[in-house]
Amino acid sequence: MTNSDKTRDLDPVLVNRVLWKIPNVLCLIGSRAEATWNAMTASWVTQLSMDPVLIGVSIDVTAVTNRLVREGGAFSVNLWDRSDTRPFVKFSKPALFDDMTLNGRPIRQGESGVPIFTEAAAWIECDLFHTVPLGTHDLFVGEVIDVGIGSRGDEVPVARMEDTRMKYGGVRRGAH
Ligand SMILES: Cc1cc2nc3c(=O)[nH]c(=O)nc-3n(C[C@H](O)[C@H](O)[C@H](O)COP(=O)(O)O)c2cc1C
């Protein structure tokens, strides 16, 4: 399943212009399977239920993170200081792991084994609860098992898509 015929009948440029207006967080998703540690830039992240407390992240089926979440059965959501958006460019390709850093940013191991950034403004650790295959992306639904606020406290505003010139979403390139 990719684009349905219904979407295909629409003007892809207009679909992009409209869907890019949806406000989104920008964060880093941490994942790990055995010795492979990774983190990636993500914007399709939201809470999905209060009881149980569930968080959904939609991850490209071709991303390294997709395989690591499936194999490791967990992921972390690292919210980031909106005044430091530089990592989002670097983490939009597989990250370099070295001596408990990813792309030079220090990490620690969460309860479930996934990386959690020590510089995160706030973080959420999830056990994989459910996986919904959707097409280009899988929706990973995670049950929250731990949360925390970064060392600089509650007042740090977190990064959003509009803090950068980056875009993500709309129709798949070359789909029309
Ligand atoms: C601003 C921005 C937002 C992104 N949001 C997502 C997202 O929500 N889901 C996703 O699968 N990829 C998203 N990506 C793309 C991934 O960061 C990219 O595919 C990355 O290569 C995946 O890394 P990995 O292969 O190391 O897992 C986004 C990229 C950018 C630049």
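Restricting Thr62, Thr7 to those that are away from the ligand (no atom under 13 Å from the Cβ), more than 13 Å from the chain's Cα centre (by Cα) and not in a strand (DSSP E or B) reduces the list to Thr7.
Yes or no, residue by residue, for (1) touching a strand residue (DSSP E or B) at 6+ places or on another chain (Cβ under 9 Å); (2) surrounded by 18 or more Cβ atoms within 10 Å (Cβ to Cβ); (3) under 22 Å from Ala159 (Cα atoms); (4) hydroxyl-bearing (Ser, Thr, Tyr):
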residue	(1), (2), (3), (4)
Arg17	no, no, yes, no
Thr36	yes, no, no, yes
Ala42	yes, yes, yes, no
Ser49	yes, no, no, yes
Thr62	no, no, no, yes
Thr85	no, yes, yes, yes
Lys93	yes, no, yes, no
Thr101	yes, no, yes, yes
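Scanning the stretch 32-59 for residues that are within 10 Å of the chain's Cα centre (by Cα), near the ligand (Cβ under 8 Å from one of its atoms) and outside any loop (DSSP other than H, G, I, E, B) turns up Ala39, Met40, Thr41, Ala42, Val45, Val57, Ser58, Ile59.
Considering each residue of the stretch 140-151 in turn, none proves to be in contact with a Lys or Arg (Cβ under 9 Å, 6 or more places away or on another chain) and either farther than 12 Å from Ile29 by Cβ or away from the ligand (no atom under 12 Å from the Cβ) (or both).
Among the residues of the stretch 123-143, those identified as assigned to a strand (DSSP E or B), out of contact with any Gly (no Cβ under 6 Å at 6 or more places or on another chain) and surrounded by fewer than 17 Cβ atoms within 10 Å (Cβ to Cβ) are Asp127, His130, Thr131, Val132, Pro133, Glu143. For the stretch 65-83, the set of residues classified as surrounded by fewer than 18 Cβ atoms within 10 Å (Cβ to Cβ) and in a helix (DSSP H, G or I) consists of Arg67, Arg70, Glu71, listed by residue number.
Every read-out reported here was derived from the displayed coordinates using simple, explicitly stated rules and does not represent laboratory data. Everything quoted here is computed from the prediction, not taken from an experiment. Please note: Cβ atoms are built from the backbone with ideal geometry, for glycine as well, and neighbour counts cover all protein chains shown.
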